[in-house]
Amino acid sequence: MKDYLKKNGIRMGIIVAAVVLIISLSSAARGGQISLFHNVSGVLLSPVQKVVSSAVNWFDTIYGYLYEYDSLMAENESLRTQLAEAQQSARDGIEASEENQRLRELLNLREKHTDYEFESCKVVLWSSSNWSHSFTISKGASSGIELGDPVVTEYNAVVGQITELGETWATVSTVIDVDMSLGAYAGNTGASGIVLGEFSLMKDKLAKLTFLADGAQIFVGDEVLTSGSGGAFPAGLVIGKLTAVQTEAGGQIEYGLVEPQCDFDSLVQVFVIKSFEVVE
């Protein structure tokens, strides 16, 4: 009731005043005659009645506008809420679909490598340092993860290696990080070398294939795979492809530039290989 009076008090006051004036004039005119005073009052009050009537109509219009505006605002807010909920449902559906696809690919990988023991992890936070290329994952020692464990995507592409470890988290240094190195081979000839992270290449998301054997032949477009040497990584994981080959004046190959197979910008889930058979 208070809210109603607060919203409509002025309007009701004007209406009551108009009614009182009309009743007064009607009472004075009983018997069919109006005195000079009442006649003058009628002349004077007639414009007032018009003003009152106009004011009432104006307040009716304003009230209707405000009521309609409030209704539209409430409806707009409801539609915004429904749209946000629909967009979130769509995002959830897309994420679930993408995760299902990753798990299907991982199942295929497990069928090919029955000796691998995987641990699925979410990417939690990327490092803000300009001197490294690493990120934090959602699991750690309590899930059986150990320092040095290799990290891959569901497509068998090398992501990097566990370099820091907590109970419920771990840090993954990627294959282009300045502290990373792993045995590799390239091309149909199987030219062996080492893939190294280098600061000057890291900003371009590239690594270097170097320490190649004398007479090794590598070509742009060659696929680069892990060799398994050293035992840190299983053999045959995809590192990337050669995008350039640097040679000396005499034709001796110095090194190759490797573009990783892993798309770091789209990583949301990775798989830690907790154990695998080392091939001698």
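The values are calculated or read from the model by the stated rules, or taken from the named source; none is laboratory data. On a predicted model such as this, the values are computed, not experimentally measured, just so you know. As a convention, Cβ positions derive from the backbone with ideal geometry for all residues, glycine included, and neighbour counts pool all protein chains shown.
Residues in segment 215-260 that are among the hydroxyl-bearing types (S, T, Y) and either modelled with pLDDT under 95 or closer than 17 Å to N188 by Cβ (or both): T226, S227, S229, T247, Y255.
Where residues in segment 160-205 are of a type in the set (V, I, T) and over 19 Å from S128 (Cα atoms), which of them is surrounded by the fewest Cβ atoms within 10 Å (Cβ to Cβ)?
Pass one, segment 160-205, residues of a type in the set (V, I, T): 162-163, 168, 171-172, 174-176, 178, 189, 194-195.
Keeping just the survivors that are over 19 Å from S128 (Cα atoms) gives 168, 189, 194-195.
Values: T168: 11, T189: 13, I194: 18, V195: 28.
Across segment 160-205, the extreme among qualifying residues is T168.
So, restricting to strands (runs of 3 or more DSSP E) that lie completely within segment 135-201, which ones have at least 2 residues that are over 24 Å from Q246 (Cα atoms)? Once the strands (runs of 3 or more DSSP E) in segment 135-201 are filtered for at least 2 residues that are over 24 Å from Q246 (Cα atoms), what remains is 150-152, 158-165, 170-174. Scanning segment 238-254 for residues that are buried (at least 20 other Cβ atoms within 10 Å of the Cβ) and more than 37 Å from the chain's Cα centre (by Cα) returns a single hit, I253.
Residues in segment 261-279 that are closer than 22 Å to K112 by Cβ, modelled with pLDDT of 90 or more and not basic (K, R): Q261, C262, D263, L267, Q269, V270, F271, V272, I273, S275, F276. When each of E119, E146 is tested for being among the acidic types (D, E), farther than 22 Å from E259 by Cα, within 25 Å of the chain's Cα centre (by Cα) and surrounded by 13 or more Cβ atoms within 10 Å (Cβ to Cβ), the lone residue that passes is E119. With respect to the conditions (1) part of a helix (DSSP H, G or I); (2) over 27 Å from V278 (Cα atoms); (3) at pLDDT 75 or above, S54 lacks only one, and its number is (3). Based on this model, can you work out whether W169 counts as modelled with pLDDT of 95 or more, aromatic (F, W, Y) and either within 16 Å of A235 (Cα to Cα) or in contact with a Phe, Trp or Tyr (Cβ under 6 Å, 6 or more places away or on another chain) (or both)? No, not satisfied.
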